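The values are calculated or read from the model by the stated rules, or taken from the named source; none is laboratory data. Keep in mind it's a predicted model, so treat the numbers as computed, not measured. When we count neighbours, we look across all protein chains shown, and the Cβ atoms used for this are built from the backbone with ideal geometry, even at glycine. Just the protein is used for accessible areas: all its heavy atoms, side chains included, with ligands, DNA and RNA removed. Shrake-Rupley method; radii C 1.70, N 1.55, O 1.52, S 1.80 Å.
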Amino acid sequence: MSIDTRYSPEEIESKWYQHWEQSGYFHSEPDGRESYSIVIPPPNVTGVLHMGHMLNNTIQDVLIRKARMDGKNACWVPGTDHASIATEAKVVKMLREKGIKKSDLTREEFLKHAFEWKEEYGGIILKQLRKLGASCDWQRTSFTMDEVRSEAVIKCFVDLYKRDKLYRQLRMVNWDPEAQTVLSNEEVLHTEENGKLYHVRYQIENSSEFVTIATTRPETILGDSAVAVNPADERYQSLHGKNVIVPLVNRTIPIIFDDYVDKEFGTGALKVTPAHDVNDYEIGKRHELEVIDIFEDNGSISKEGQLFVGEDRFKVRKMIVKDLEEQGSLVKVEDYLHSVGRSERTNAVVEPKLSLQWYVNMTSLAKPALENVENDEVEFFPKNQKNTYRHWLTNIRDWCISRQLWWGHRIPAYYYQDEVFVAETKELAFANAKTKFPNLKLEDLKQDEDVLDTWFSSWLWPISVFDGFKDRETLDYYYPTSVLVTGWDIIFLWVARMIMAGYEWEDKRPFDHVYFTGMVRDKQRRKMSKSLGNSPDALELLQKFGADGVRFGMLSCSPAGGDLLFDDKLCEQGRNFSNKLWNALRLVNGWEENDAIEILDEENLALIWIKARKSQVLNQVQQNFKEYRLSEALMTSYSFIWGEFCSWFLEMAKPKYGDPVSAKLKEEIVEIFSDICKMLHPFMPFITEEIWHALKSNREEDCMMSKFPNSSEVDQGLLKDVALLQDIVSGVREIRNKKSLKKSEQLQLVAFDSQESKRLIASHGFQALLKKIGVLQSIDIVDAEPDNCISFVCGTEKFGILLEEQIDVEAELVSLQKDLEYQQGFVASIQKKLNNERFVSGAPEQVVANERKKLADGMERIKAIQSSIESLKA
């Protein structure tokens, strides 16, 4: 089989992905096997592939491919989220560019435009995931607003309402003036920002005296209903029963006394604006204050504000400060660092606003969700995310689920007069309403204009993607899902709510494990963003380095739960690794084989050694998978393949130039290389599939569908022997470099007399293998150090190379002295540790035993070096 001299990722990736998909490998149907299911965190339908998606989906693909190779019925369900706020904003912008205003359209007309936009642009990110190698079950692709998911959402809303876990109430909400919708508390991001603290004086009615308040939002003065002071504040005791006049609007408002007021903040006097502050609203209820809503939905001043009507709130802030100053009411302005809430989606500063909205009562839902994470029924990786989760659930507030948008699931609540009827369809709501209003007509019922929060559909995702409210057989097979892979940043918005929904409707967890990925950051630890210009184009990376290279780059620096410090040099390392594998394939396939040649002793030793090392690595990799330490699993495999299989084993097995190799040996090497392909396949699927078939052109089974390799018993003694052999060869190579000796020049090695060296040299396989890769003419045992010998220590054994030329004694003594000092420092550090009684008594017995062995070996190395020094000085 002809093999190209260079690995071409683009051509090979396209070939194999098409083959896998057409072969039906990605699709899953319930059968007798153990299921392994993952649901994709649905990206926004507006989205394109970015670094976070690449990390998250690479991890999911690694897990699903490994499960498939373990013989499980692996099902990875893809899909997209309708993303109410983001998508509606995109559609409104698109219409605006066509000269169409949303306000000029009916709801039905707008939704027609929105679905057309979704059909044209909504599947981009799923197509891009194919480029990454994502082996999703594309036949099960779901969309949070498709018919199946929509039915589930409406059913659950009605179900919660019937069980009194959902209600409608006038409350203070978080209002996004840009998206013009309410937000849940979890959709508001609070950060410390530099602002101003404005000190404004209010004249006491019928007096020349003033009360000074401090505010960060002077524009809300237009909506003031009172000035409040603490009843224990002696400065204001004389103001009982008095009023003040609001600057500019000249409204008379009362001075009230309330324990909420902090005497130490500002002046100790608080302006109370019940319509635009959560705490002020509570004060207003206690004192029955007037509620004056001065903001329109877009953040401009309403007619109730009296002044600056129609102007934007931030423009008004500047205008009102200027007017207060001119009036003499502005006392001073201070720089002030304070917490500002911004919309997660639009980044607009959120306004507290009094509004009638729908809420889910979260208290009862939270209890099983907390208990079953605490007891590891749902297991978190890493464990420390439990603390964050616990804090939120023990301080949970009711969830505001209504949104003032058109794109989304319209709330199934229908109104007539002051009555509300909740049902899955208008016809069912009408039937309910008719029992109370016999003369009611269908057209008299008016459906709620709002839609549900996007997360209200997402929290049902592990159930709804399997059509769980209708198809019990499919749900029972795949649910609970095996693992959720997601970012810690949506632990409240999504993870906790899915767990709640799982116990609410299925009375069981939605997934066994949750693997939290870290944040993708640049090498300076900055969060990647367009504004910083530090976020690489995901598709360009795939084009430049190949999918396997990018997958390697993402995973090689992604510790479990920790942030990923990304550098495209890691992708370059992944591409180089692909090239290394490709060159290894070309080397092995280029060997001419001969059936008549038997496997030599040294070749057999190399085979036994590499198989033992492979088993060791497989054991470690399997353990890494269990603990979701995927980066460690990849890098363990990488070190073994590059450092041992390619750099050592193939060198051990390689025939002399022009000579054939034993057919049996080559067959063994192909099997080992095939196992390596299987081991690496979950991480780097394309090149492993290509090499798998190139190694044996007549294979009927694809690497993707092969069984993940098993480990066998490991001969630790043999591993130790070959490790010593490698140390000896490294010592010989170091002397070659130091003395500028040719690689092909055969050297004479001496081993200083010891029981261990005699045992090893007596082994024909060991001696022959050492001669081959060390390029040695002879290996002899000596009692004393010969003349013109450069010695070196490997472990506790001492070896030397005989040179025909006179050695530089002084230079050699300097080198040996450095080695001696290093070994003495090493031994001193071990002795210090063993002299620590707390360490010896507290550490595991095996750990202490290992340290004692290190000490003994170190002492032996010191003796050997000292012996060499004495010989040179003699």
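Residues in region 406-429 that are in a loop (DSSP other than H, G, I, E, B) and hydrophobic (A, V, I, L, M, F, W, C): Trp406, Trp407, Ile411, Ala423. Annotation note: of Asn432, Asn439, the sole residue that is open to solvent by 60 Å² or more (accessible area, probe 1.4 Å), among the polar types (S, T, N, Q), at negative phi and assigned to a helix (DSSP H, G or I) is Asn432. Against the definition (in a strand (DSSP E or B), open to solvent by less than 10 Å² (accessible area, probe 1.4 Å) and not hydroxyl-bearing (Ser, Thr, Tyr)), how does Phe552 come out, yes or no? No, not satisfied.
Kindly check whether there is at least one residue in region 370-385 that is more than 24 Å from Thr181 (Cα to Cα) and touching a Leu at 6+ places or on another chain (Cβ under 6 Å).
yes
Residues that are in contact with a strand residue (DSSP E or B) (Cβ under 7 Å, 6 or more places away or on another chain), modelled with pLDDT of 95 or more, buried (at least 21 other Cβ atoms within 10 Å of the Cβ) and polar (S, T, N, Q) occur at least once in region 9-30.
From the list Glu812, Glu837, Glu797, the lone residue that is acidic (Asp, Glu), modelled with pLDDT of 90 or more and either within 48 Å of the chain's Cα centre (by Cα) or over 19 Å from Val729 (Cα atoms) (or both) is Glu797.
Residue-level check: of (1) buried (at least 16 other Cβ atoms within 10 Å of the Cβ); (2) closer than 17 Å to Glu504 by Cα, Cys400 misses just (2).
Yes/no per residue for (1) closer than 21 Å to Lys580 by Cβ; (2) part of a helix (DSSP H, G or I):
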site: Thr636; (1), (2): yes, yes
site: Lys664; (1), (2): no, yes
site: Phe673; (1), (2): yes, yes
site: Ile676; (1), (2): yes, yes
site: Pro682; (1), (2): yes, no
site: Ile691; (1), (2): yes, yes
site: Pro709; (1), (2): yes, no
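Please verify whether Lys720 is under 45 Å from the mean Cα position of the chain (by Cα) and open to solvent by 20 Å² or more (accessible area, probe 1.4 Å), treating the condition exactly as stated.
Against the criterion (under 45 Å from the mean Cα position of the chain (by Cα) and open to solvent by 20 Å² or more (accessible area, probe 1.4 Å)), Lys720 qualifies.
Looking at (1) surrounded by fewer than 17 Cβ atoms within 10 Å (Cβ to Cβ); (2) within 14 Å of Phe673 (Cα to Cα); (3) in contact with a Pro (Cβ under 7 Å, 6 or more places away or on another chain), can you tell me which one Glu593 breaks? Status for Glu593: all satisfied but (2). Which of the following residues is under 17 Å from Val722 (Cα atoms) and either of a type in the set (A, V, I, L, M, F, W, C) or under 39 Å from the mean Cα position of the chain (by Cα) (or both): Ser637, Ser647? Answer to the selection: Ser647. Can we say Val732 is within 26 Å of Asp819 (Cα to Cα), open to solvent by less than 10 Å² (accessible area, probe 1.4 Å) and either touching a helix residue (DSSP H, G or I) at 6+ places or on another chain (Cβ under 7 Å) or of a type in the set (Gly, Ala, Ser) (or both)? Yes, satisfied. When Val246, Val309, Val321 are checked against the criterion of being in contact with a helix residue (DSSP H, G or I) (Cβ under 9 Å, 6 or more places away or on another chain), modelled with pLDDT of 95 or more and surrounded by fewer than 16 Cβ atoms within 10 Å (Cβ to Cβ), a single residue qualifies: Val309.
Please work out if Lys656 is farther than 30 Å from Ser14 by Cα and either assigned to a helix (DSSP H, G or I) or of a type in the set (Val, Ile, Thr) (or both). Taking the combined requirement at face value, the residue does not satisfy it.
Against the conditions (1) among the charged types (D, E, K, R); (2) modelled with pLDDT under 95; (3) in contact with a strand residue (DSSP E or B) (Cβ under 6 Å, 6 or more places away or on another chain), where does Arg526 fall short? Just the number, please. Of everything listed in (1) among the charged types (D, E, K, R); (2) modelled with pLDDT under 95; (3) in contact with a strand residue (DSSP E or B) (Cβ under 6 Å, 6 or more places away or on another chain), Arg526 misses just condition (3).
Being polar (S, T, N, Q), closer than 30 Å to Lys93 by Cα and outside any strand (DSSP E or B) is a condition met by at least one residue of region 166-180.
How many residues, within region 135-151, are in a strand (DSSP E or B) and either open to solvent by 30 Å² or more (accessible area, probe 1.4 Å) or hydrophobic (A, V, I, L, M, F, W, C) (or both)? Reasoning before the result, please.
Residues of region 135-151 that are in a strand (DSSP E or B), as a first pass: 142-143.
Now narrow it down to the ones that are either open to solvent by 30 Å² or more (accessible area, probe 1.4 Å) or hydrophobic (A, V, I, L, M, F, W, C) (or both): 143.
Here the count works out to 1.
If you go through region 409-429 and keep only what is open to solvent by less than 60 Å² (accessible area, probe 1.4 Å) and over 17 Å from Tyr161 (Cα atoms), you end up with just Tyr416. Being open to solvent by less than 10 Å² (accessible area, probe 1.4 Å) and touching a helix residue (DSSP H, G or I) at 6+ places or on another chain (Cβ under 8 Å) is a property that Val229 has. Looking only at residues of region 742-762 that are of a type outside the set (Gly, Ala, Ser) and assigned to a strand (DSSP E or B), we find that the one that is surrounded by the fewest Cβ atoms within 10 Å (Cβ to Cβ) is Gln748.
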